[in-house]
Structures are given as C-alpha cells and as structure tokens.
Amino acid sequence: MSGFTKYLSRMAVAYGVLLISVLLSLIAFFYVRAGAEVENEIRFNEATDATREAIGSVTSSYVDAMLGARGLFDASDSVTSEEWRGFVESLQPDEQYPGLQALGYVEYVRSEELKGFLERESLTLRPDLEPSGERAVYYPVTYVEPQSSANKELLGRDLHTSTVHRATMNRARDSGEAQATSVVYVLGEAPKDSVADLSLRRGFAVYLPVYSDGKPTDTVEGRRKALEGFVVGTFRMDQLLNGVFEGVYDPKVDFEVYDGGGFLGDQLLYDDDGVLRAGNEEPDQTLTRESNIEVAGREWSLYFTALPEFERGSFDRLSVLVLLSGLAVSLLLFGVSRMLVRSRLSAEQSALDLEVANRDLGAANRELEAFSHSVSHDLRAPLRSIDGFSRIVIEDYSDKLDDEGRSYLNRVRAASQRMGLLIDDLLNLSRVTRSSMRRETVDLSVLVDEVVRVLKESEPGRSVEAIVQPGLEASADPRLLRVALENLLGNAWKFTSANDASLIEFGVERDLASQENQTVYFVRDNGAGFDMAYADKLFGAFQRLHSPEEFEGTGVGLATVKRVMRRHGGDVWATSSVGEGATFFFTLDGGPRLKPETAQREVEIA
C-alpha cells in the first residue's frame, strides 16, 4: 500500500466529515437562497399592495374634496366667485392636495342664455375652442381656483368641444358620479430651471355633475334634465404621486401607472425613474406584478418591477453569511437546515389549518342559512296552525267550554303569538349580523322624526313630548341605523307608557364627546328605568329587566342595537335609575357631525 493510499485510508473519517460538512453547507446555502427568494417576493408583494392602497386613498381624498365642492352648490341657490374662492382656499390645496392643479365649475348654458351668462360672469367664450357656428348648449369654465397664471387660461374655455372631455362629461352626467378622463395634458407652472413660464404635464381631469335641487335624478333622462353643470378638477400626475409613497414602498421597486387596461406608451400616466419597463421585461427580471385600480370610474393599470438591487442586496448578505457559517461550524449549518425545514413544514401546516378553518366557517355559514330558512318557513307554519285552530275552537265551540277551558286556549294563542314574535326578532338579529353594509350620508334628525311619527300613529291617544336636536348627519347604513333607532326609541316609548307626562329626547352629548374624542349620541326618557346592577345583561339576547306583565317584548331589541353599532365601528351603553328614566348612549365610526347652528326645536306628540 503506497503512502498516499494509507493517507487516504487514515483520513477517510476526516474526509467523510469534510464531505458531509460541505454537503450540509451546500444544502443550507440552497435553502437560504430559496428563503431569500420567498422573502423578496413577500416584501415585493407587500410593497406593491401598499402602493396600490396609497393610490386608492389619495385619489379618493381628492374626489371627496370635489364632493365637498358639489355640496356648496347643493346648499345654496347660487354660488359666487368669492364663495368658490373661499371654499378652495379652505381646502389648502398646496399643502393638502398638491396634485390638484385646478378646481373649477363648468356651467351648463343653453344657446339662448349664452349672451346673458357671459355678461353676468364677465367672461369671453374662448374662440380657439369654439367651433364655427352656433351650438345648442355650451359648457364654459365659470370659476377656477387657485387663480394662477396657468389656471386663468381655463376661464371661459368650453371643454365640451374636446372629444375626451365631452365623453367624460356625458358619462358623469348620466351616471351621477365622478368620472375621470383618459390621459390629457394639464397646463401648469414650468419647473424652476425652465425658460418657459408654463408647461404641459401628463395628467387627467375628473368631472362631478351638479343637478338642480328638487328635480328627480333617479333615471338617466331625469339626470340629463336636472343638469346644471360640473365640478371639474384637473390633476398633474407628477405632483399627485411624488412623495406620497415615502415610507410606503421600497425605492428599489420601479412603479408605473397607465390609463386603461394596457401598457402602451401613449397611455402612460406616471413613471418614477423615466425608464419604461412594462412590456420590456429583461431575462433576469424575476419579480414583476400587474394590477388594476378604479379611479373615478376609470381603470388604471399598475406595473411593478423589482430593480436588480432589490434582490441582490439581501441575497448577497445572506449567501456570504451562510458560506462563512458553513466553513466555521458545519453543525450550525445543519441546525439552520433543520430550522428552515421546520419553518416550511409549519407554514404548510398553518396553510392546511387555515384551509380547514375556512371550510368549517363556510359550512357554519351554510348551516346558519339553512337554519334561518327553517325558522322562517318550517317553524312559522305550525305556529300559524296552532294559533288558527285555537281561534276556531274559541269562536265555534266557546259555548261548549267552561271559563277555564277558554282561558287555556287563550293562553295557547298568546304563547304561539309570542313564539312568532321571538322568531321574527331572531331573524331580524340574524339579518343585522349577516347583511351587507352600504354607508351613505344619513340625516339622523329626520330619521328620528319619522320613527317618532310612526310611534305616534300606533298610539294616538298618548301624550308624549319629544325633543329632537336638528341638523345631525352621519355616514352610516340607513337601513341598519333605522333598525337601531326604532328599537331605542320604541323602548323609550314603551317604558314611559305609565307616565302622565312622558318625555323622549334625542341629540348629541357634548361633554362625553370631548371625553371620548368622538361624537356621542343619546336617547333619553323619563320612564321606568332599571337597576344599574344588571346593566351588563342589558344588551344580551333574550335578557329582560322587567317582567312581561309590566312591559311586553322579547328581549332581542337591545342585542340588535348592539350589533348594529358594532358593525359601524361604534358602541352602545346606558345609564339609569329605577323610576327616573334611562339614557342610552351610542357612537358611530366617523360619527355624526352638526350642521350649521340652528335653534333646538321641539316635536310635540299629542
């Protein structure tokens, strides 16, 4: 045996350990590389999701500002240029809305009104945009703010002569909602290093229709007849999106915005680095993503690409760390491998558990739907039979029954009717929990007046004084909010029935509002009240603090109120003393706001 062969034989274990160490190091290296790729993909998806949400949030806030401008016309018979200027200045566009180049008003003017309109507004219809010959209608820009040199160029322009603007105006007019144009060039101030004063930048315009107050707008034809004009906003994309993503998305991710559903160059709205990558992917460009978002009725296409340094930085650091660790401690690499395997298995198990939970939740929802259907259809039929046949026995065989027998039958009917009420309340409680929400601006004072009026009609013989604070509005689902108010006001009406002088109040509790840092409603009565020792049971289903002989009810109403408020992101609670009435307080997410100060009015229930 040669000396080299002996050396190999003696060092076999050592070389085996070395081989195993190298293999473990390579395995760990590949696992770490896979983990780095997964981490990069997660970071990339988080960055793109955050960017998309930021765009939606920013554009929604700008459309909300336009809705506020339309509210100016809804609240006034006529709006002057000074009022328009004051409103726009209150928005602080330079600080709060940097992408808003101009906020203006386009008036709908018929041909026979044009001369008087131009004289009244001291405007000149821009001849460069007016086609030859007289038209039936005109759409001149009447007001525009801020009054910069670029924005002054808009005054008197009839944007309806542009095909893009005309199509967008027509969509907004017929839909009643804000509608955005495709890519247009917006005139604005030139950069500081430019020799020109003004320049054209890529952007878009949004039109929001303004209708005549009192005219029906529930049909397209009605909206066309009721049109008075448009609130128009012009936006520069470079100012709209620049800086809005600081701290939101990774700067190593290139981000492009295109109008419509494609990625053509002439549809480009925004590109941060000036290099177009959509449709031009390089071979090593592994992380890309396409997404869509709707902005004022217009679809935007978003394209994201991870730049080389996005992946290279984290991968290089991890690979060097793994290789150095493998050369130093092979055992540690083996531990790292085991940890990575366990992490992957744990992630897979978590995914399986989540899938099982989702299936169980879906099955539970289906069972709940089936139960609701059974309660609504299968349980009502026997109850109706019990009540109906009991009534027939009383009517047709009353003379053959003694007083005790008739009493038993009346008790059977009362129990079946009460069971029917319980079923109705259970279904209502279930619908409140499962029904979809649609928020809109609700005039709560008017809604309370309507509920009180219905209560009055149900018991015309009662004399109750109701005090309703006027001018309260909230962003809420009007259907769910009516259910909650009907229960709260119905309870106040019921528990004051024994009073000679009954009082019900509704309004905003200002002291609590300052403490809770949000608006707090109250419904107050001078009725029977309750013991605060049992207040924790008040909002549970079928919980009653008074006997059925004192006050009728099923004990589901306040549980329904609780669920309605929780679905709005708010809460409900109560204070009371026995014999001294009760006060129920509740809050709503983005709660009510007061209209301009008006005198408190009282509604007398005769």
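The values are calculated or read from the model by the stated rules, or taken from the named source; none is laboratory data. As the structure is a computational prediction, the values presented were derived from the model and not from experiment. Glycine also receives a Cβ, built like all others from the backbone with ideal geometry; neighbour counts cover every protein chain displayed. To get the accessible areas, we keep the full protein, side chains included, count just its heavy atoms, and leave off ligands, DNA and RNA. Shrake-Rupley method; radii C 1.70, N 1.55, O 1.52, S 1.80 Å.
A Cβ distance below 9 Å, combined with a sequence gap of six or more or placement on separate chains, defines the contacts here; from the stretch 39-55, residues that are over 24 Å from L240 (Cβ atoms) reach residues that are in a helix (DSSP H, G or I) and not small (G, A, S) in the pairs E39/L318; N40/F310; N40/E311; N40/F315; R43/F310.
Total residues in the stretch 290-318 satisfying the condition of being farther than 30 Å from A172 by Cβ and either modelled with pLDDT under 60 or crowded, with 18+ Cβ neighbours inside 10 Å (or both): the figure is 10.
Would the stretch 39-52 turn up any residue that is open to solvent by 20 Å² or more (accessible area, probe 1.4 Å), in contact with a Phe, Trp or Tyr (Cβ under 9 Å, 6 or more places away or on another chain) and modelled with pLDDT under 65? No, every residue in the stretch 39-52 fails to be open to solvent by 20 Å² or more (accessible area, probe 1.4 Å), in contact with a Phe, Trp or Tyr (Cβ under 9 Å, 6 or more places away or on another chain) and modelled with pLDDT under 65.
Candidates are the residues of the stretch 176-190 that are more than 26 Å from L114 (Cβ to Cβ) and open to solvent by 50 Å² or more (accessible area, probe 1.4 Å); the one that is modelled with the lowest pLDDT is E189.
Within the stretch 454-495, being within 17 Å of R524 (Cα to Cα) and either without any contact (Cβ under 8 Å) to a residue 24 or more places away in the chain or part of a strand (DSSP E or B) (or both) holds for V464, E465, A466, I467, V468, L472. Among the candidates L227, L208, L241, L200, the residue that is modelled with pLDDT under 85, surrounded by 18 or more Cβ atoms within 10 Å (Cβ to Cβ) and not aromatic (F, W, Y) is uniquely L241.
Got at least one residue in the stretch 589-605 being modelled with pLDDT of 80 or more and either out of contact with any strand residue (DSSP E or B) (no Cβ under 8 Å at 6 or more places or on another chain) or buried (at least 20 other Cβ atoms within 10 Å of the Cβ) (or both)?
The answer is no; no qualifying residue exists.
Cβ separations smaller than 9 Å between residues 6+ apart or across chains give the following pairs from the stretch 199-218 residues that are in contact (Cβ under 8 Å) with a residue 24 or more places away in the chain and of a type in the set (A, V, I, L, M, F, W, C) to residues that are part of a loop (DSSP other than H, G, I, E, B) and open to solvent by 70 Å² or more (accessible area, probe 1.4 Å): L208/E177. Please tell me if R510 is within 25 Å of the chain's Cα centre (by Cα) and surrounded by fewer than 15 Cβ atoms within 10 Å (Cβ to Cβ). Here the answer is no, as R510 does not meet what is asked. Here the stretch 244-261 is the region considered, the condition is being within 30 Å of T168 (Cβ to Cβ) and modelled with pLDDT under 75, and the residue that is farthest from the chain's Cα centre (by Cα) is Y249.
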